[in-house]
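A.B. asks: This is the structure, below, for whatever I ask next.
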Amino acid sequence: MEESSTGSRHRHARRVPAHDAPNEAPPQDGASRQGSVREGSAREDSGHEPAAHGPAARGSSAHGSSAHGSSAHGRARPAPGAAGHAPEAVVVSGAHDRDRAPGGPPAGEGHRGPSIAVALGSGGARGLSHILVLEALDELGLRPTAMAGASIGAFFAAAYASGIPAREIRHVVTATLRNKGEVMRRLLAARVGRIADLFGGLGNPVLIDAERFIEGFMPDLVPEDFDQLAIPLQVVATDYWGRCERMFEHGPIRPAVAASLAIPGLMRPVVHAGHTLVDGGAVNPLPFDVLRTRAQVVVAVDITGGHGAETKGVPSPFDAMFATLQIMASSIVGEKLKAGAPDILIRPNVHDFRVLEFFRATAILKASEPVKDEVKRRLEAVLG
């Protein structure tokens, strides 16, 4: 597999200052990130068939750092639930002026309590509902001590961990998706498939380069490197040849997110840090387990389950492929929950939406609106 190439970087997402929206989660200085990390660590997928779904990212010639205490090929990661909760120091907005994002709660308005970590799951367009969960955190004045994401969850986690307020993320997303012509232009710019591929037997004329996709849609305010993030982030991808999970939390962000988004058949696999990588949802569609030692309260947002009102008939080939990936991902999540559930499990009501229905953003956000009150109620019950 040849590593995909990208030309000069041209990001099209609007650059927006973090102080445009009120009630924002204040970013933390990336240099002060806490907790042990396992960049590029791998976990063998034990006992479950892989499932896949997600999007992709941008090219980079930089190599990811090697696994902590092991070779560049990574080391086995303990099974979900093996580690207990670590009593980390609380990071709640308002603790110090230097930790506060412009426009966020002033110093003294926050309170100290249990630390919170947030995992955002895979699920395509349904992942727009993650924005509402993040808005709830901002409105409560809470900032996670750590985040993790798979596929579309990795995309939004990267944006939020950069210090971009959730309300601003919503604004950028809705403004972008409102302009269908511009979206299609960016997608065509990221396309690597050719019409001639139709006659080659197994070619895909609409195949997308995941790294170019990220170049076109990742907000400019997302930094280049994980260590520059305001909130520590772990991104899950699937090692195609290693048949295992790869976790990235150091090195360049965009190739890692691209790999996590690389839906098989829709996006070309990403070669990064010496590995050929595809959609993180294939091995860990809801990576709350990697956060157990990072905070006292783990919140996970699952968007893999359920289906729309249609329960009969034969689906189109495209629908059948992506719905099957969702079924497989939901099965993986179900088995993980049996081994040990997160402290708070959130499931937005987005079952009626298909994986690629991003142009239904307004409807998805409206359907997800009630989740904000649920997140606030459940967090307040835990935090007191």
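The values are calculated or read from the model by the stated rules, or taken from the named source; none is laboratory data. Everything quoted here is computed from the prediction, not taken from an experiment. Cβ placement follows ideal geometry from the backbone for every residue including glycine, while neighbour counts extend to all protein chains displayed. With ligands, DNA and RNA removed, areas are computed over all heavy atoms of the protein, side chains included. Shrake-Rupley method; radii C 1.70, N 1.55, O 1.52, S 1.80 Å.
A.B. asks: How many residues are within 17 Å of the chain's Cα centre (by Cα) and either among the aliphatic types (A, V, I, L, M) or exposed (fewer than 14 other Cβ atoms within 10 Å of the Cβ) (or both) when one looks only at region 333-349?
C.D. replies: 3
A.B. asks: Still on this structure, I have one more. So, restricting to strands (runs of 3 or more DSSP E) that lie completely within region 273-384, which ones have at least 1 residues that are among the small types (Gly, Ala, Ser) and within 18 Å of residue 157 (Cβ to Cβ)?
C.D. replies: Once the strands (runs of 3 or more DSSP E) in region 273-384 are filtered for at least 1 residues that are among the small types (Gly, Ala, Ser) and within 18 Å of residue 157 (Cβ to Cβ), what remains is 297-301.
A.B. asks: Any idea which of 205, 252 is modelled with pLDDT under 95 and not charged (D, E, K, R)?
C.D. replies: Only one candidate qualifies: 205.
A.B. asks: Can you go through 232, 219, 205, 223 and tell me which one is over 26 Å from residue 188 (Cβ atoms) and surrounded by fewer than 24 Cβ atoms within 10 Å (Cβ to Cβ)?
C.D. replies: Criteria check complete, one pass: 223.
A.B. asks: If a residue must be touching a Leu at 6+ places or on another chain (Cβ under 7 Å) and open to solvent by less than 10 Å² (accessible area, probe 1.4 Å), how many such residues does region 240-266 contain?
C.D. replies: The qualifying residues number 3.
A.B. asks: Further question: Can you run down the residue pairs with Cβ atoms below 7 Å, 6 or more apart or on separate chains, where the first is in region 137-162 and touching a residue at least 24 places away in the same chain (Cβ under 8 Å) and outside any helix (DSSP H, G or I) and the partner is among the charged types (D, E, K, R) and surrounded by fewer than 24 Cβ atoms within 10 Å (Cβ to Cβ)?
C.D. replies: Once the first residue is touching a residue at least 24 places away in the same chain (Cβ under 8 Å) and outside any helix (DSSP H, G or I) and sits in region 137-162, its partners that are among the charged types (D, E, K, R) and surrounded by fewer than 24 Cβ atoms within 10 Å (Cβ to Cβ) give 141/109; 145/88.
A.B. asks: Taking the condition open to solvent by less than 10 Å² (accessible area, probe 1.4 Å) and in contact (Cβ under 8 Å) with a residue 12 or more places away in the chain, does residue 276 pass?
C.D. replies: Taking the combined requirement at face value, the residue does not satisfy it.
A.B. asks: Return the pair list, or none, for Cβ contacts closer than 9 Å from residues in region 369-384 that are at positive phi to residues that are open to solvent by less than 80 Å² (accessible area, probe 1.4 Å) and not hydrophobic (A, V, I, L, M, F, W, C), at least 6 apart or on different chains.
C.D. replies: As it stands, the answer is 384/113; 384/114, since those pairs meet every condition given.
A.B. asks: Based on this model, can you work out whether residue 369 counts as among the acidic types (Asp, Glu) and either open to solvent by less than 20 Å² (accessible area, probe 1.4 Å) or more than 14 Å from residue 126 (Cα to Cα) (or both)?
C.D. replies: No.
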